[in-house]
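Below is one structure, written out as structure tokens, with a few remarks after it.
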Amino acid sequence: MKKSKSMLIGAMAVLAVGQGLMSSGVILPQWSKNYKPRAEGIDGQLGPDQLLFALAGFRELIAGILWVQADRFFETGNYDAILPIIRLVTLLDPKQIDVYSTGMWHIGYNFTDEEQRSDRRYIPSALALGKEGATKNDYTYEMFFETGWMWYHKVQDDFPKAVDWFLQAQEKKDMQQARKNVLGMAYQRNGQPDKALETYLRLYNESDALLKKEQIYSHFQNKETLEKNADNTLIRMIQRGWLAEQEGTFDQGSYDTKPPFDVQFSARVTVEEARVIRVEGFWGVRPVGTRVRFILRDSDYPDAIPGGMLWDKTDTVSLDPPRDRTWAQDELFVRNQRFNRKLDLSKDPTMYSFLQPEYTIEFYYNPRVAPPHIQDKFGWSGEGMTDKNFLRTDVREGSRVVFTQLTLTRDQILRRGEWADKVPIVQTKNFIAPRNVRTEDEILVTPGMLSEPLEPKLNKGERLGGGEN
Amino acid sequence: MRPILSIAGTTVGEAIRRRVLLIILLVGILFLAIAPGLSILSARQERAVLIGLTLGVIQLTSVVIAIVLTVYMIPNEIERRTIYTILCKPVQRWQFLVGKYLGAVAALALMMAMMTVVLIVVYAIQQQVYSPDQLAPLAKAPVMFFVQMSLLAAVAIFFSTFVTPLVNFFLSGGLYLIGSAFSSFFESISQSANVQPFAKGIATFANMILPNFAYYNVQNPLINPQQAIQNETVYYIQVTVYGLFYIGILLVGGILIFDRREV
């Protein structure tokens, strides 16, 4: 018995050493690499019961239950409640890419004021979530593409960032063929039509090879799209004088972007009531399609830059935007060379707190986001656009933009103190109030839409009356 | 070997007749059946939520079954004095203990297999996937859970040789929690530059002593199949061998203690 006991103890010792060696030497490194839950920070955000379950290996179960809960909130429109769930699910199971992408979209797009203006204070958090998702899921293109899309479509500025993210997405093997085209679009937005053309042609060849390998409609459709994109880009490069500029022959030829067109921008901001402002102005471009970016923000808004902010400066996903900070941003649609918009900022005090003493109003137009028919005149980087008062080349690298700032005080916006009975108006020095009645040459008649002129026929330059007010 | 198999067979029969285990099993199966309803409610994550929930239910149910099944095994035999009728036959104590353990593991296997079948059926119906190639990978996690539960059962049966069932319930449950969470904690400590060498030494020692239940939580790549896991099969074999080593240690320890115990 004594002998068998010694044998048993010996066996135990051997097994103990064996398991110890296996655990630390062989299994642990593999487990850390492939299976270890990376969930830093869940302890501070989970309830005790949830934390217990999560630690006990039921992270995915908790994540699933939480995500089901999120859907209920989506349906009821309780968007605020979804934010912590998104954060928890991504912390519990950082491999759930759809939660990252849905969360990023939700944070970036769904928080709006009463007039559907997006709350831009959330954008840095959305981008931080995208960054985190890409880092934790670097084996797939998805979060790289989604983050690039956020820059391309939502931020609509700083296009080198969009290009960079799309390039990283393209490096992944699972990148969808049809989605690769967006890199070409981003290059165009970034003022690099040559790179865009190069991308389209490369993808065209790829699609052609795929089509030869597999005769399916999606490859055919993709090839057709790329061919059209490459054609359009090439034609635009010629017509807009881009190629000539590269070759140094721009001065010798006649191109659409020559001579630069003066947009004659001017603007006026009127505080009609407390927190209600009217923005109006002139933009000398007849065809519709121009949107001038308007920003009203705290003058000392952190990380603000002309026409925007350093959107991706933070790596922290904050569920609560700075409530004491105000950032109102809108796109002013230009029609008949005018924009006129009333912005009621009184209904969303959590979005527009107006707690700071001074506010900066910015007007910003970058031709890189212009639609193609306007870019045909302005060029990709504004080489065909000018403004004798507000053209700036120092605001965005490599791009000629229209930019100006005005200032309002808190008392003016809230119509308090000395401004209780006065209407605060700030305007650019060249602002001219619009006339009530337009001359004939100012009325844009769309062929086929009107059978009769709206007004009695007038000689050019003749007015019906009223004049400037 | 025959006495061991005989005791194991009897244990399986007892386990199947125990109402509390059947109720736990039924609740688990019920949750598995309603899981598709919950997954439909999840935005863009139906598949992930369905697999996550169902695997979680299987694991949770199995933990409860494994502990409840094994904590009472030896103490009940002693309390009801049925152990005398066994030990008076030519059956040695170690055979009794090993037979009981194998019976518990077989009962666990049976119950977990039932839940896995329900999981696969539910998944097939909800996802409209009927190809064995797509359904078979789902069984990977339950297989690993089975090794995990076998280890947990060994822990519980080890404790059952010298503590009361209630204490054993909390001891085994507690060890499961610690064993599931400790690896991440240990890794953080071992990688932190601020931790003193002495503390690192203790952490390393604890990591080698404690059974690591987290190694068997392999469900994440199944829920998020975009991840490419290298040498998956090799890993599964390694953790199974690791589990067998640990089970061996616990059973030998249990035998040594049970051998000296007065019944």
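The values are calculated or read from the model by the stated rules, or taken from the named source; none is laboratory data. In this text, all values refer to a predicted model and were calculated from it rather than measured experimentally. Note that each Cβ is placed from the backbone with ideal geometry, even for glycine, and that neighbours are counted across all protein chains shown. To get the accessible areas, we keep the full protein, side chains included, count just its heavy atoms, and leave off ligands, DNA and RNA. Shrake-Rupley method; radii C 1.70, N 1.55, O 1.52, S 1.80 Å.
Computed from the Cα positions only, the extents of the range A:325-388 along the three principal axes stand at 42, 22, 21 Å, in decreasing order. Burial here means at least 50 square angstrom less accessible surface with every protein chain in place than with the chain by itself, probed at 1.4 Å; in the range B:51-89 the buried residues are B:Leu53, B:Leu60. Taken across both chains, chains A and B shield about 4700 Å² of accessible surface from a 1.4 Å probe. The accessible surface of the range A:261-434, taken with every protein chain in place and a 1.4 Å probe, is 48 percent carbon and sulfur.
Counted by Cβ distance under 11 Å from B:Ile78, the other residues give a net charge of 0, where Lys and Arg count +1 and Asp and Glu count -1. In the range A:129-151, what residues drop by 50 Å² or more of accessible area when the other protein chains are put back, versus the chain on its own? Use 1.4 Å, and skip ligands and nucleic acids. Those residues are A:Tyr139.
Taking a point 7 angstrom from the Cα of B:Arg2 along the C-beta vector, which residues in the range B:98-115 have backbone N less than 20 Å away? Taking a point 7 Å out along Cα→Cβ of B:Arg2, the residues of the range B:98-115 whose backbone N falls under 20 Å are B:98-100, B:102-103. By a 1.4 Å probe calculation restricted to protein chains, A:Arg416 has an accessible surface near 100 Å², given to the nearest 10.
Helix B:46-71 axis versus longest C-alpha principal axis of chain B: approximately 0°, rounded to the nearest ten.
Think of a 1.4 Å ball rolled over the protein heavy atoms: the range A:261-434 then has 41 Å² of accessible area per residue. Based on C-alpha pairs under 8 angstrom that are at least 6 apart in sequence, chain A has a relative contact order of 12 percent.
Of the DSSP H helices in chain A, those with a Cα length along their own long axis of 24 Å or more and a mean Kyte-Doolittle hydropathy reaching -0.5 comprise A:2-21, A:59-76.
The range B:27-91 and the range A:63-114 have Cα centres lying 32 Å from one another. Relative to the longest principal axis of the Cα atoms of chain B, helix B:19-40 runs at roughly 10 degrees. So, R0 is 51 Å and r is the distance between the beta-carbons of B:Val27 and A:Ile9; what FRET efficiency does that work out to, to 0.05? Efficiency at R0 = 51 Å is approximately 0.75. In the range B:1-135, the portion of solvent-accessible area held by carbon and sulfur atoms comes to 68 percent [1.4 Å probe, whole percent, DNA, RNA and ligands not counted]. Each residue, B:Gln230 and A:Glu247, gets one label point 7 Å from its Cα in the Cβ direction; the gap between the two is 5.1 nm. Checking the Cα-Cα distances for A:Lys223/A:Lys258; A:Lys154/A:Lys429; A:Lys95/A:Lys173; A:Lys36/A:Lys95; A:Lys213/B:Lys140 against a 23 Å cut-off, the pairs over it are A:Lys223/A:Lys258; A:Lys154/A:Lys429; A:Lys213/B:Lys140. Any idea what angle helix B:232-260 forms with the longest principal axis of chain B, computed on alpha-carbon atoms, 0 to 90 degrees, nearest 10? Relative to chain B, helix B:232-260 is tipped by roughly 20 degrees. Note on chain A: helix-only mean residue ellipticity at 222 nm, from DSSP H runs of 4+ residues weighted -39500 (n - 2.57) and normalised by residue number, equals -12500 deg cm²/dmol.
The label point for A:Leu310 and the one for B:Lys89, both projected 7 Å from the Cα toward the Cβ, are 8.0 nm apart.
To check you understand DSSP bridge types, tell me what percent of the beta bridges within the protein assembly as shown (both residues inside) are antiparallel, rounded to 5. Antiparallel bridges make up about 95 percent of those DSSP assigns within the protein assembly as shown.
Rolling a 1.4 Å probe across the protein heavy atoms gives the range A:174-247 an accessible surface of 55 Å² per residue.
Given the protein chains as shown and a 1.4 Å probe, how many square angstrom of A:Glu418 are accessible, to the nearest 10? Accessible area, nearest 10 Å²: 130 Å².
Our analysis of chain A gives Rg over Rh at 1.10, with the two radii drawn from alpha carbon positions and Rh computed by the Kirkwood formula. Rounded to the nearest 0.05, what FRET efficiency do B:Leu166 and B:Val117 give with R0 = 35 Å and r taken as the Cβ-Cβ distance? Could you check? So the FRET efficiency works out to roughly 0.60. Set the Förster distance to 56 Å, then compute FRET efficiency between A:Gln239 and A:Glu75 from the Cβ-Cβ distance, nearest 0.05. E between A:Gln239 and A:Glu75, to the nearest 0.05, is 0.70. Rolled with a 1.4 Å probe across the full set of protein chains, the surface gives A:His219 an accessible area near 30 Å².
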